[in-house]
Amino acid sequence: MTETKKTLCNRDCPDVCGIVATIEDGRITRIRGDKDHPITRGFLCYRTSLFLSTQYSPQRLTSPLLRHNGEFHPIAWDEALDLAAQRLTAIRRESGPAAIFHYRSGGSLGLVKHLSDYFFEKFGPVTTKRGDICAGAGDAAQGLDFGERESNDLFDLLNSKNILLWGKNVFTSSPHTAPVLMDARAKGARLVLVDPVYHKTATLCERFIQPRPGSDFALAMAVARILFEQNWIDPQAPSYCDHFDRFRSLAMRHTVREWCVQADVDEESALDLARRLGPGKPTAILVGWGMGRRVNGAGIVRALDALGAISGNIGISGGGVSFYFKRRGAFDTSFIRGKEAAPRTVCEPLFGSEVLQLANPPIRAVWVTAGNPVVMLPESETTAQALRSREFVVVVDSFLTDTAKLAHLVLPTTTLLEADDLLGSYGHHWIGVARPVVSPPEGVKSDLEIVQELARRVGLADAMAGSAREWKQRFIAPKLAPHGITLETLEAGAVRNPIPKNVLFEDRRFPTASGKVNLIADEPPISADDPEFPLFMMSLSTEKSQSSHWATPQQGPATVTVHPDAAGGLPDGSLCRLESRIGSMTVRVRYDAQQRRDVAILPKGGHYSDGRCANALLRARTTDLGEGAALYDERVRLARL
Ligand SMILES: Nc1nc2c(c(=O)[nH]1)N[C@H]1C(S)=C(S)[C@@H](COP(=O)(O)OP(=O)(O)OC[C@H]3O[C@@H](n4cnc5c(=O)[nH]c(N)nc54)[C@H](O)[C@@H]3O)O[C@H]1N2
Ligand SMILES: Nc1nc2c(c(=O)[nH]1)N[C@H]1C(S)=C(S)[C@@H](COP(=O)(O)OP(=O)(O)OC[C@H]3O[C@@H](n4cnc5c(=O)[nH]c(N)nc54)[C@H](O)[C@@H]3O)O[C@H]1N2
Ligand code: SF4
Ligand SMILES: [Mo]
């Protein structure tokens, strides 16, 4: 029998695509993008197009695994959950719930996954994470400046005359934004990319500006100074911006030329950006998520917020400074108190060192779900040490990741094609449901079943009771029912979240303390050069993987892409060592004359156990605000083997 079923992709990706699966005799034989989904438009990205080989991979876990004398052995679910309940309860009794650390990352963006947080809050509350490895700095910046972390409707870009893609690789990281940009261009919008790295998104743009990594603040100040000098400022801006004069003084601190030297761009580029923001309005600034991952990441995003505000591009159609779409904004998660309830927190980017150091009580148990911190958090070896030295580590995943390998107990869970969940997106406003297109294989349980079965063993059955569907209803009802949207509505197809407006702040009132835009008034720190390690390690998203999960198995050393002049005489294609202050690994050099001479580009998320992991070279450092990680400020050098 052949049938087709629809679901939504739950991966940590701004697109949240509609997927149409063909199922023949219980087996999925094909997946493709949903033509009816306004964002997906009938296509999937490279990594999800190939997902069936992951879904049916022989490496997929189908039984809980217990580590004994360094070896994993399959055990029955009852035994696994009894053990987990017994160990967690004993640790709670002996040391208090703060001795348990629950860490959930972005393996799935489904709302139902939050019930793992809820369980551990009821069981403890236990120690949780704070900060955000992904978008901490940018979120904090926009929250501070606008009092809101939300964006204009994605399709409002069709009203822009200019679109500035500031540190954004849409073809890789949000491929379904690309058609919207092409449509905008067809309607006359003119696009610019500002990115230290050359990539395919430049081909959509009429101009490509390639600043020194992390120097966007200086570039923004050059642009701001030109806006002031040319009087391309919105005359009303002083009435809706705080610190207007201090911001002007900040921009005036250096000449346009001096700022441009810092940013390593020519003055004409700064003038071009200013002209687009001023006389070229409406101009939308799309702020990439990558740019915030620097020691001055929030300062950079704040400078872009200020450019949008003083030039009068905030509150108008075709304008805006868009960073994040509130993916949970339509849903009520207030019954989960999170950090507020936690007895203490671990700063996410400092996971390894904090877990090692916390005392009174020490962290004795770690529960990891939907994350691979050994590979994805900075300082892989410190994270690994932290996990290796705990008494009880549980990892819930579908694969034996580098993190799962360090667990005492591994619990196999469902994939995105088996998910029963509710989704919003951080790249657009469409919300909807994921529904299993097939049942999980024998021996696999959903995250919800896992916490419910654990709850039954520790006296929390009632608190966690309910089917996935009932929980979805609970998340949906408070905010969406008043708009006439029910679960049935979402089950019939994705809908636009009715809460956010197409254009934010049209009345130029902002939910900040003063009701005005909070303009940045001080220069953020910059990351110091290290002459012995001259290259910025840019370990970036690649279309071939979802963070640590590769669409096809990787073999051999990772590839590092550099400008030929930055290779120190190493020939194209040769093997060498990539070294940082804390580690080194063997890589293959690839020349690319379109790159800057001060960057070494590497895929993010290579496997640690195979010696391909960028994060093994990366020191754990936080961003200026929001406790993000300065992932792209580590300096490296190439050396002969
Ligand atoms: N294929 C694929 N897609 C993904 C992911 C993946 O792993 N693979 N990951 C997902 C995740 S977790 C997220 S958070 C999102 C967003 O994922 P991100 O990888 O954050 O994507 P971008 O927003 O494109 O930001 C990356 C861009 O920022 C640029 N950048 C870095 N530093 C600077 C700087 O100092 N100045 C400027 N101007 N630019 C800079 C980089 O060169 C790069 O082009 O994508 C998701 N999509
Ligand atoms: N060097 C460097 N490091 C980075 C980045 C970078 O650009 N460069 N990017 C950073 C960013 S933006 C992010 S968001 C983080 C991402 O960091 P993580 O969220 O840790 O990334 P993933 O590798 O996607 O790990 C998710 C895991 O969840 C599993 N999983 C998938 N679905 C489910 C599910 O339904 N339930 C459960 N329990 N597990 C599931 C997957 O198999 C996978 O092993 O990495 C950060 N680290
Ligand atoms: S990973 Fe992103 S682009 Fe790919 S199918 Fe999922 S939502 Fe779409
Ligand atoms: Mo992310």
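Taken together, the values in this text are just the output of simple stated rules run on the coordinates, not laboratory data. Remember, it's a predicted structure, so these values are computed and weren't measured experimentally. Neighbour counts run over all protein chains shown; Cβ positions are idealised from the backbone, glycine included.
A few comments on the model shown:
- Among G626, M537, V636 - extreme Cα towards positive end, dipole of segment 535-639, charges at beta-carbon: V636
- Surrounding net charge for V374, when Lys and Arg each add one and Asp and Glu each subtract one, Cβ distance under 14 Å: -1
- The Cα atoms of segment 51-185 cover 62, 41, 25 Å along the three principal axes, with the biggest extent listed first.
- Across the options S353, N162, H68, the greatest Cα extent toward the positive end of the charge dipole of the chain (unit charges at beta carbon of Lys, Arg, Asp, Glu) belongs to N162.
- Order of L638, L66 under a 10 Å beta carbon neighbour criterion, fewest first: L66, L638
- Estimated [θ] at 222 nm from DSSP helical runs (n ≥ 4, -39500 (n - 2.57)) normalised by residues in the chain, nearest 500: -7500 deg cm²/dmol
- Using every pair of distinct Cα positions in segment 438-488, the Kirkwood expression returns a hydrodynamic radius of 12.7 angstrom.
- For segment 216-237 versus segment 1-36, the inter-centroid distance based on Cα atoms is 47 Å.
- Simple Cβ-charge dipole of segment 1-128, Lys/Arg +1 and Asp/Glu -1, about Cα centre, in debye nearest 20: 340 debye
- By the count of other C-beta atoms within 10 Å, a proxy for reagent exposure, I75, I336, I601, I100 are ordered fewest to most as I75, I336, I601, I100.
- Straight Cα distances below 20 angstrom link K445 to the aspartates and glutamates D78, E79, D82, D117, D397, E418, D420, D421, E453, D462, E470, with same-chain residues fewer than 8 positions distant left out.
- Between E94 and S439, full extension at 0.36 nm per residue minus the direct alpha carbon distance yields a gain of 120.3 nm.
- Every pair of different Cα atoms in segment 309-377 enters the Kirkwood calculation, which places the hydrodynamic radius at 16.4 Å.
- Looking at the chain, the DSSP beta bridges with both ends there are about 45 percent antiparallel.
- Rg ratio (alpha-carbon, reference 2.2 N^0.38 Å) - segment 535-639: 1.04
- Projected area, mean over directions - the chain, Cα convex hull, nm²: 27.7 nm²
- Inter-probe distance in nm under a simple model that places probes 7 Å from Cα toward Cβ, at R577 and D78: 5.4 nm
- Rg/Rh for segment 135-271 (Cα atoms only, Rh after Kirkwood) is 0.97.
- Packing rank of 301-310, 148-157, where each peptide gets the mean count of other beta carbons within 10 Å, highest leading: 301-310, 148-157
- Least to most buried among F325, F351 (fewest other Cβ within 10 Å first): F325, F351
- Building the convex hull from the alpha-carbon atoms of segment 2-55 and averaging its projection over directions returns 3.6 nm².
- Kirkwood hydrodynamic radius over Cα pairs of segment 1-98, then Stokes diffusion coefficient at 25 °C and 0.890 mPa s, in µm²/s: 144 µm²/s
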